[in-house]
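Engineer: I am attaching a structure below and will ask some questions about it afterwards.
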Amino acid sequence: MFTVDTDRFRSTGLLELGPCLSDDDRSRILRHFDALDGSDRISPGYQAQYDGEGEARRLRKLRRLLWNDRKFFGPIINRTGAPELAEALIGPTAVAILHAAFLKPARVGTHVAPHQDQALWNEEYPGAFSMWMALTEVSPANGGLYAYPGSHADGVIKHADDPDHPWHESLTHVADQLGERHDFILKPGEAAVWDRLLVHGSGPNESADDRRGMVIVFADGAAEGFNARDVMTLEEILSLADV
């Protein structure tokens, strides 16, 4: 599926993995999200968030994808190589703890201020990482996705309230101290992976096209004090390959 340069990952906190989603799987996911975006009611289990207001209101984020629809997402996650990646970076005790969609709709998609995932989680997840899969083109032209290589090295950085960002606390106040920014340029179906402590974010989408992505987060289920609302072991994920 792809080669995992673990030494580079430990050093920079990120990797661009290349293709992971087939065109067929990507199209199926996009149709699935289109149906949810056009629905009058979405199950509360998705914890949906929106951008825009009135007729311009569009889905921004969906959570707990794998837990809401194992039959649909289980086989796809297996075909992405995510379980193998988790075993390579964490080991056999890796578990999925989050699976979400970031849909950044055309013209109204808001920015995501720079932050570290671990700083926003309620629990500590040693070894955790995110695998982010592009469902559309991803570049600065549509809000994109960016990160600061090496910013994971010094642990959790204190986040602060950000008046321009309603979704969560951020690191906007120290962004100019984080070094050179890396803009991910991803083709549809390609993936990137980053460490739980890597500072990353995205811009607003002022383009005419949606910028859509899907992320799955793995952590070490054997870590001392591990606790998560949603947990799916590698064995459980692999069992969904042919459902």
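The values are calculated or read from the model by the stated rules, or taken from the named source; none is laboratory data. Only a predicted model underlies this, so the values are computations on that prediction, with no experimental measurement involved. Calculation scope for accessible area: heavy atoms of the full protein, side chains included, ligands and nucleic acids excluded. Shrake-Rupley method; radii C 1.70, N 1.55, O 1.52, S 1.80 Å.
Engineer: With Cα extents along the principal axes in Å as the read-out, I listed (1) 57, 45, 32; (2) 48, 41, 33; (3) 47, 46, 31; which label goes with the value calculated from this structure?
Structural biologist: (3)
Engineer: Something else: Sequence neighbours fewer than 8 away in the same chain don't count; with that in mind, list the aspartates and glutamates whose C-alpha is under 14 Å from Lys158.
Structural biologist: Leaving aside aspartates and glutamates fewer than 8 places away in the same chain, those within reach of Lys158 are Asp117, Glu169.
Engineer: Could you list which residues have their amide H under 5 Å from that of Gly189, counting only those 5 or more apart in sequence or on another chain, with H placed in the peptide plane?
Structural biologist: Here the answer is Ala134, Leu135, Thr136, since their amide H atoms fall under 5 Å of that of Gly189.
Engineer: Right, something else. Sequence neighbours fewer than 8 away in the same chain don't count; with that in mind, list the aspartates and glutamates whose C-alpha is under 17 Å from Lys71.
Structural biologist: Asp24, Asp25, Asp230, Glu235, Glu236, Asp242
Engineer: Okay, next question. Carbon and sulfur: what percent of region 100-184's accessible surface (1.4 Å probe)? Spell out each step's value before the answer.
Structural biologist: Details: 1900 of 3890 Å².
Reported share for carbon and sulfur atoms: 49 percent.
Engineer: Rounded if a/c is under 1.5, else prolate if a/b is larger than b/c, else oblate: which is region 126-236, with a ≥ b ≥ c the root eigenvalues of its Cα gyration tensor? Walk me through the numbers on the way to the answer.
Structural biologist: Values: a/c = 1.84, a/b = 1.20, b/c = 1.53.
Oblate, because a/c is 1.5 or more while a/b does not exceed b/c.
Engineer: Return one whole number: the accessible area per residue of the chain in Å², for a 1.4 Å probe. Show your work: numbers first, answer last.
Structural biologist: Working: 11350 Å² over 243 residues.
So the chain comes to 47 Å² accessible per residue, rounded to a whole number.
Engineer: Cα to Cα, under 25 Å, and not fewer than 8 places away if on the same chain: which lysines meet these conditions relative to Lys104?
Structural biologist: Within the straight-line cut-off, Lys104 pairs with Lys61, Lys187.
Engineer: Now a separate question. Per residue of the chain, what 222 nm ellipticity follows from adding -39500 (n - 2.57) for every DSSP H run with n ≥ 4, rounded to the nearest 500? Numbers along the way, then the final one.
Structural biologist: Numbers: 7 runs with 54 residues, N = 243.
After summing the helix terms and dividing by residue count, I get -6000 deg cm²/dmol.
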